[in-house]
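The values are calculated or read from the model by the stated rules, or taken from the named source; none is laboratory data. Because the structure is predicted, anything quoted here is derived from the model rather than measured. When we count neighbours, we look across all protein chains shown, and the Cβ atoms used for this are built from the backbone with ideal geometry, even at glycine. Each accessible area value is taken on the protein alone, full model and side chains, heavy atoms only, with ligands, DNA and RNA left out. Shrake-Rupley method; radii C 1.70, N 1.55, O 1.52, S 1.80 Å.
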Amino acid sequence: MKRSVTRRTFIQGTGAALMGIAAVPATGLSAVDLVGQPNKLALHGGTPVRGQPYPSTWPIIDKTEEEALLGAVRSRNWCCLRGHCVYDFEKTFASAMGAKRAVFSNGGTTALGASLQCLGVGAGDEVITTPHTFIATINVITNLHALPVYVDIDPDTGSINANLVEAAITENTRAILPVHLAGFPVDIRKIMAVADKHKIPVVEDACQSVFAEVDGKKVGTFGATGCISFQEWKSLVSGEGEALLCSDEELIRRCAGFVNNGRDPKGEKSGYPFPGSNHRMTEFQAAVLTAQYAKFLQHDALRQKHGRYLEETLAKMPGLSLRKRYNPKTRFTYVQFEVDYDPKAFKDVPAAIFAKALQAEGIPFSGGPRAYSGGCHKEGMLQEHLDSRGFIKAFGKSRLDQYRASLKLPVMDGLEPAKKQFLSMESKIPFLGPEKDIEDIVAAFQKVAANIDALRSA
Ligand SMILES: Cc1ncc(COP(=O)(O)O)c(C=O)c1O
């Protein structure tokens with residue numbers, strides 16, 4: 001039994017299925033399968049589109065990583081100050097990213113903290129950022145005894161709402177720290193325009209978004225600095241590690257010095273002229289990272305191919321549409337795949353139920369309203385900082401009381417009803433397989449859509 005489907009048969013089949021015509025599902029199965037039973041949803045006891053789970057092993061390795069690591073071990077130059085792996089790959093990566101320089105260290109958190117500190121952020125300052133991020137983005141602000149000033153998020157994307165940034169600027173604002181989450185660029189053009197107008201530096205947290213682009217320019221290269229994480233769950237990995245991207249000579253000097261105990265990377269100033277600490281990446285990490293890079297380039301190309309195809313194909317189904325982009329020339333990295341879902345086109349079946357049916361077909365999507373809750377502004381660590389002696393000294397009690405009262409973010413707090421629903425899949429690994437793996441997704445969408453009445457009555 002042939003279970004594959006061509007792109008053309010799906011596109012032709014989709015419209016018919018949604019018009020309620022007994023379509024031929026993309027799996028190659030007819031609506032009545034070979035044993036004469038209706039091609040039931042797997043949720044209701046039918047045969048799933050996909051019997052095999054998607055691969056989940058990560059990172060993907062072969063002999064190359066082992067040999068690279070062994071080479072670094074045998075070199076006996078384990079520290080980057082004597083080896084070449086860190087500094088060589090810094091050059092390769094900076095050039096690929098379109099930055100003058102990449103400064104590697106032990107993690108994205110370090111890169112963000114180094115950026116802020118080298119830009120002069122300190123006690124009593126404010127940094128504008130988003131509540132919808134990993135806590136590392138906020139830790140680096142509060143650890144400098146600076147206040148994270150939260151701007152609410154755009155309900156359609158979960159990214160910082162660039163339209164609200166300007167209103168958050170005060171005389172104490174020293175930096176803006178937007179976060180490109182899961183390979184989806186924020187509205188960086190708008191943020192840069194506001195930042196430039198007020199002469200406030202931007203530090204881009206692009207830790208999750210290596211190779212995402214806006215207008216052909218990589219995210220992480222718009223701001224004064226941009227930070228990319230190589231931590232194990234990202235898409236270019238060395239266990240831990242980061243690249244701090246920068247194109248300003250003096251800032252590069254400070255940042256490179258910062259991660260190397262404050263030494264002058266140019267060697268012009270003797271001793272330890274800059275603030276710093278030891279955050280150096282080891283040669284072992286850089287050896288593995290360099291070996292992973294070749295794979296990353298292949299993976300990135302596959303994700304582009306599969307992600308774009310899936311997005312364009314699904315968006316042809318009535319009721320599914322591309323998620324919002326801030327710029328027509330946006331390059332997502334498809335480590336997370338999302339489409340918007342309009343329940344009206346699916347007889348009011350909510351996205352969560354549609355996703356449940358997909359899961360039963362062996363397709364690991366989740367879904368629901370684009371609604372939010374939680375957020376870093378609610379974390380206990382923030383309260384601890386606000387109550388600390390250092391913060392009270394830096395800001396004064398009344399400013400901190402006013403700050404506490406301002407921690408209300410209607411969208412992030414889930415106080416505004418969600419306007420959109422969505423379907424989403426973590427696609428970093430599934431998109432690396434053969435085309436058949438993607439066609440299974442298409443087939444499952446088509447099957448669930450064709451059986452929407454059964455879901456409605458379930
Ligand atoms: C948005 C974001 N910022 C910062 C970091 C910190 O990066 P690292 O784990 O390399 O320190 C992460 C890591 O997951 C992240 O997702």
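Descending by average beta-carbon neighbour count within 10 Å, the peptides 208-219, 429-440 line up as 208-219, 429-440, the highest first.
Kirkwood analysis of the chain, using all unique Cα-Cα pairs, places the hydrodynamic radius at 23.9 Å. 3J(HN,Hα) couplings calculated from phi for the range 407-419 with the Karplus curve 6.51 cos²θ - 1.76 cosθ + 1.60 (θ = phi - 60°) are, in sequence order, 7, 10, 10, x, 6, 4, 7, x, 7, 9, x, 5, 8 Hz; Gly and Pro show x. The count of lysine pairs in the range 63-292 with alpha-carbon distances below 17 Å, taking only pairs 8 or more places apart or on different chains, stands at 10. A 1.4 Å probe run over the range 221-369, with the rest of the protein chains in place, finds 39 Å² accessible per residue.
For N260, the amide hydrogen comes within under 5 Å of the amide hydrogens of S277, H279, counting only partners 5 or more places away or on other chains and with H modelled in the peptide plane.
Computed 3J(HN,Hα) for the range 299-312, one whole-Hz value per residue from the Karplus formula 6.51 cos²θ - 1.76 cosθ + 1.60 where θ = phi - 60°, is 4, 4, 5, 5, 5, 4, 4, 6, x, 5, 4, 5, 4, 5, glycine and proline marked x. For K218, nonlocal amide neighbours, meaning residues 5 or more places apart or on other chains whose placed amide H falls under 5 Å from its own, do not occur. Using only Cα atoms, locate the centre of the range 62-99 and the centre of the range 210-276, then give the distance between them in Å, rounded to an integer. Cα centroid to Cα centroid, the span is 16 Å. Altogether, the Stokes-Einstein calculation at 20 °C and 1.002 mPa s, with the Kirkwood radius of the range 178-264 over Cα pairs as Rh, returns a diffusion coefficient of 158 µm²/s. Dividing the summed helix terms, -39500 (n - 2.57) for each DSSP H run of n ≥ 4, by the number of residues in the chain produces a 222 nm estimate of -11000 deg cm²/dmol to the nearest 500.
All C-alpha pair distances within the range 63-292, sorted into 5 Å bins from zero, spread as 1, 7, 15, 19, 20, 16, 11, 6, 3, 1, 0, 0 percent across the bins. Straight Cα distances below 20 angstrom link K420 to the aspartates and glutamates D152, D154, D156, D187, E311, E312, E338, D340, D342, D348, with same-chain residues fewer than 8 positions distant left out.
Applied to the range 390-396, the Karplus parametrisation 6.51 cos²θ - 1.76 cosθ + 1.60 on θ = phi - 60° returns per-residue 3J(HN,Hα) values of x, 5, 4, 5, 6, 10, x Hz, with x for Gly and Pro. Normalised by residue count, the range 205-314 yields a Cα convex hull volume of 119 Å³ per residue.
A straight Cα-to-Cα reach below 22 Å connects K378 with the lysines K397, K408, residues fewer than 8 places away in its own chain not being considered. Counting protein heavy atoms only, the chain has 54 percent of its accessible area on carbon and sulfur, 1.4 angstrom probe.
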